[in-house]
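Trainee: Here you go, one structure.
None of the figures in this text is laboratory data; all of them are computed from the coordinates on show. Keep in mind that this is a model prediction, so the values were computed, not measured. Ideal geometry is used to build each Cβ from the backbone, glycine not excepted, and the neighbour counts take in all protein chains shown.
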Amino acid sequence: MAAKYSQKDLLEVDGKAPGTSWMDVKTVLKKGRYSYSGNPRHVEYLGLPNPREWQPHDGDWKLPENWKEIVLEGFRERLKKHRSLKLYMDICVRCGACADKCHYYIGSGDEKNMPVVRAELMRSVYRRYFTLSGRVFGRLVGARDLTEEVIREWFYYFYQCSECRRCSVYCPYGIDTAEITMMGRELLNLIGLNINWIIEPASNCFRTGNHLGIQPHTFHDNLEFACEEIQEMTGIAVEPSINRKGAEILLVVPSADLFADPHIYTLYGYLMLLHEIGLDYTFSAYASEGGNFGLFHSNELMKRLNAKIYTEARRLGVKWILGGECGHMWRVAHQYMDTMNGPADFLETPRSPVTGTVFHNAAGTGMVHLCEFTADLIHHGRLVLDRSRNAAVRVTHHDSCNTARAMGLLEEPRYILRNSCEHFHDMPENTIREHTFCCGSGSGVGTDENLEMRLRGGLPRAAAVRYVRERHGVNMLSCICAIDKATLPALMQFWVPGVEVCGVHELLGNALVMKGESERTVNLRGETLAEAGHEKE
Amino acid sequence: MATIDLNGVMFEVDEDGFLQEPEKWTEDVAKALAGQEGVTELTDEHWKVMNYLRNYFQENGIAPMVRKLTKETGVQLKQMYELFPQGPANSACKWAGLPKPTGCV
């Protein structure tokens, strides 16, 4: 798949400014840099506007006749509803601190990928229709008319932003450019401009409980399969429950953990850990998705999808919720859930039944990240970990954007890794923790057809991995997000061959010494312990 | 919706060439799709994988986990790529008439 590109081609980026105003640079949609449109069947299923057959490379996007009116009215409503949006439209001084912080700009050299310019695509329209100076002076004050050409440009560039919020870290005004992209996408969606990688998972989530379309019986079978595998490797019979009323804790993980590779090894890690400490927990086949592709579409859809978690927690009567290695789930849980779907007054402030630690930080939502929970177990000496089982693994950690920047979960994964592995090496400071570089595929743009943009956007992350690979022989990249696990393998294969991708709880599962286990001869991937970590062809 | 002509019969496909109407699948469809990727002869191993995929899809409405696929067919991942040039999802599932999975995969 990646074979049609070469490193050399993608590295030829001059980054020179075109010498004219960005407004005079015509946007041309290039194949490899956008994703396919939402399948009308799924658009319809979600009750969203303008379901129809169309593709971004078509000449006619089949917009509704009054599209302009719809977009401007939608813009007006959102300016009124979200004071943050109005603020972000007004206060940017175009200092340029964000300009070179975007991975897509670094990888493509396209100035419209500078966060400031990406936001200007929308601000220029804001000025023209919603400010007096813009109405009177037009282009002189950076205002422009809303045309179909502008809509195409929005579509192209708002789906070339992964809403990772790295640029926001550097903004002296604290402008959250991801929120601008989110509003831009909302406006596009009002006239039926969306991408299938977002629409189909969201529709599946309503239909079957999760993005992948795993039905309850399959969800059950996949968990059973995981347990059989664990038994073969450890001799221990693990029995998780699904939809069990009266369980103390509801566990919500990304559905890819029950389906994809290498995600499932992380699932094995969760199952082994929670069995070992005897946690009274249950999965849910209804709230069987941590991720929220509604976040990539609109606030409304995000809210509709996320509501399932509380509905199920209430139905099952659990005390609190534990969440797995999922990226965007934590942006939603940490920054919106409380006021959007709460108050969660039917839940208790989470308390670890093993250590007694009370997670006051999660009092509002009732949701604790599994990494916090596990780190607390290790801190209290409740786990026996044999790091030598990961001896062949030389790991570095990719801070997933949302857990890092949206919830500040920086130390816990590292603490688990250091306690589970003998060799842990961090990438350079300006590429990790809150400065972390995106995988290049977040926010629903991890599609095959968008591969060129993903490889370009993933270049800064890959370069940092290469740095630790050359210095410390790193052969494993850990992460705590299902999109990372899905897309980093292709990125590594292209830029840094020889580095594999895993979850933090996979490595923990390797190291975890379980009571009564048989002698461990293989890691969770079924590779002989002596050979594991040896580079594969 | 795009369509493709496989031996004179038209099928609706998505942009990546995955069949949109799984019920219309026949063995000839599989042969034609394989041919498009340069595989002119389908062996027993190919059929073992594709039949497993089809049965699983009919029961579950989704493709199986790759891990389960390799375990239950006995065809290891490396061999899977030899049989199906673009791998289990992009070749095997496509030839067997399954839709492409979406989400964090």
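Trainee: Hey, could you check segment A:245-281 for residues that are touching a strand residue (DSSP E or B) at 6+ places or on another chain (Cβ under 6 Å) and of a type in the set (Ser, Thr, Tyr) and say which is nearest to the other protein chains (Cβ to nearest Cβ)?
Mentor: Out of the qualifying residues, it is A:266.
Trainee: Please enumerate the residues belonging to segment A:442-496 that are within 14 Å of another protein chain (Cβ to nearest Cβ), within 21 Å of residue A:507 (Cβ to Cβ) and charged (D, E, K, R).
Mentor: A:484, A:485
Trainee: Does at least one position in segment A:159-167 carry a residue that is in a helix (DSSP H, G or I) and surrounded by fewer than 23 Cβ atoms within 10 Å (Cβ to Cβ)?
Mentor: No, there is no match, as no residue in segment A:159-167 is in a helix (DSSP H, G or I) and surrounded by fewer than 23 Cβ atoms within 10 Å (Cβ to Cβ).
Trainee: Further question: So which residues in segment B:31-67 are free of Cβ contacts under 8 Å to residues at least 12 places away in the same chain and farther than 30 Å from residue B:9 by Cα, if there are any at all?
Mentor: Across segment B:31-67, the qualifying residues are B:65, B:67.
Trainee: If you take the residues in segment A:421-448 that are over 17 Å from residue A:369 (Cβ atoms) and hydroxyl-bearing (Ser, Thr, Tyr), which one is surrounded by the fewest Cβ atoms within 10 Å (Cβ to Cβ)?
Mentor: Looking at the filtered set, the residue picked out is A:431.
Trainee: Could you please give the count of residues in segment A:475-489 that are buried (at least 24 other Cβ atoms within 10 Å of the Cβ) and not in a strand (DSSP E or B)?
Mentor: Of the residues in that region, 8 qualify.
Trainee: Looking only at segment A:30-45, how many residues end up being in contact with a helix residue (DSSP H, G or I) (Cβ under 7 Å, 6 or more places away or on another chain) and either in a helix (DSSP H, G or I) or within 14 Å of chain B (Cβ to nearest Cβ) (or both)?
Mentor: 10
Trainee: Restricting to segment A:246-287, and then to whatever is more than 22 Å from residue A:352 (Cβ to Cβ) and part of a loop (DSSP other than H, G, I, E, B), can you tell me which residue is nearest to the chain's Cα centre (by Cα)?
Mentor: Once the filter is applied, the top-ranked residue is A:254.
Trainee: Six or more apart or on different chains, Cβ under 7 Å: which pairs go from a residue in segment A:472-493 that's in contact (Cβ under 8 Å) with a residue 40 or more places away in the chain and under 12 Å from residue A:455 (Cβ atoms) to one that's polar (S, T, N, Q) and assigned to a loop (DSSP other than H, G, I, E, B)? Could you list them?
Mentor: Going by the 7 Å Cβ cut-off, the qualifying pairs are A:487/A:441.
Trainee: So is residue A:382 buried (at least 21 other Cβ atoms within 10 Å of the Cβ), of a type in the set (D, E, K, R) and more than 27 Å from the chain's Cα centre (by Cα) or not?
Mentor: no
Trainee: For segment A:188-215, what are the residues that are β-branched (Val, Ile, Thr) and outside any helix (DSSP H, G or I)?
Mentor: Within segment A:188-215, A:191, A:195, A:214 qualify.
Trainee: Then there's this: Residues A:345, A:376: which one is closer than 30 Å to residue A:166 by Cβ and not in a strand (DSSP E or B)?
Mentor: The match here is A:376.
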